[in-house]
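Asks: Take this structure first; my questions come after.
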Amino acid sequence: MDDAIEVCCPWCFEQQELWVDPQTVGEMVQDCEVCCRPWRVFVSRDEFGRLHVQLERS
């Protein structure tokens, strides 16, 4: 089962739901579903496996 988290695009500021595979950690690039501009997504998990995501413009 994938993890979902609500994020805000750093370009157009639209709220979106981002789905992340439970095994994913590290950095990836994702395009905004609204404005199509790229994000750099940093994925980490705490000691309990909870998802933490940080976005910046790519």
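Asks: Out of all the residues in region 34-58, which are over 12 Å from the mean Cα position of the chain (by Cα) and of a type outside the set (Lys, Arg)?
Replies: Listed by number, the residues that qualify are VAL34, CYS35, CYS36, ASP46, GLU47, PHE48, GLY49, SER58.
Asks: Now, a different point. Name the single residue that is modelled with the lowest pLDDT among those in region 7-22 being among the charged types (D, E, K, R) and part of a loop (DSSP other than H, G, I, E, B).
Replies: So the first thing to find is which residues in region 7-22 are among the charged types (D, E, K, R), and the list is 14, 17, 21.
From what's left, part of a loop (DSSP other than H, G, I, E, B): 14, 21.
Values: GLU14: 97, ASP21: 90.
My answer is ASP21.
Matching residues to (1) surrounded by 12 or more Cβ atoms within 10 Å (Cβ to Cβ); (2) in contact with a Ser or Thr (Cβ under 7 Å, 6 or more places away or on another chain); (3) not in a strand (DSSP E or B):
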position	(1), (2), (3)
ILE5	yes, no, no
THR24	yes, no, yes
VAL41	yes, no, no
GLY49	no, no, yes
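Asks: Another one. GLU56 fails exactly one of the following numbered conditions: (1) in a strand (DSSP E or B); (2) modelled with pLDDT of 95 or more; (3) surrounded by 10 or more Cβ atoms within 10 Å (Cβ to Cβ); (4) not aromatic (Phe, Trp, Tyr). What is the number of that condition?
Replies: Among (1) in a strand (DSSP E or B); (2) modelled with pLDDT of 95 or more; (3) surrounded by 10 or more Cβ atoms within 10 Å (Cβ to Cβ); (4) not aromatic (Phe, Trp, Tyr), GLU56 violates only (3).
Asks: If I ask for residues that are in contact (Cβ under 8 Å) with a residue 12 or more places away in the chain and closer than 12 Å to LEU51 by Cβ, which ones from region 18-30 would you list? Give the derivation first.
Replies: At the first step, the residues of region 18-30 found to be in contact (Cβ under 8 Å) with a residue 12 or more places away in the chain are 18-22, 24-30.
Across region 18-30, the qualifying residues are LEU18, TRP19, VAL20, ASP21, PRO22, THR24, VAL25.
Asks: Tell me which of these GLU33 doesn't satisfy, since it passes every other one: (1) of a type outside the set (Phe, Trp, Tyr); (2) surrounded by 13 or more Cβ atoms within 10 Å (Cβ to Cβ); (3) over 12 Å from LEU55 (Cβ atoms).
Replies: Every listed condition holds for GLU33 apart from (2).
The values are calculated or read from the model by the stated rules, or taken from the named source; none is laboratory data. Quick caveat, the model's predicted, so the values are computed rather than measured. Backbone-built Cβ (ideal geometry, glycine too); neighbour counts: all protein chains shown.
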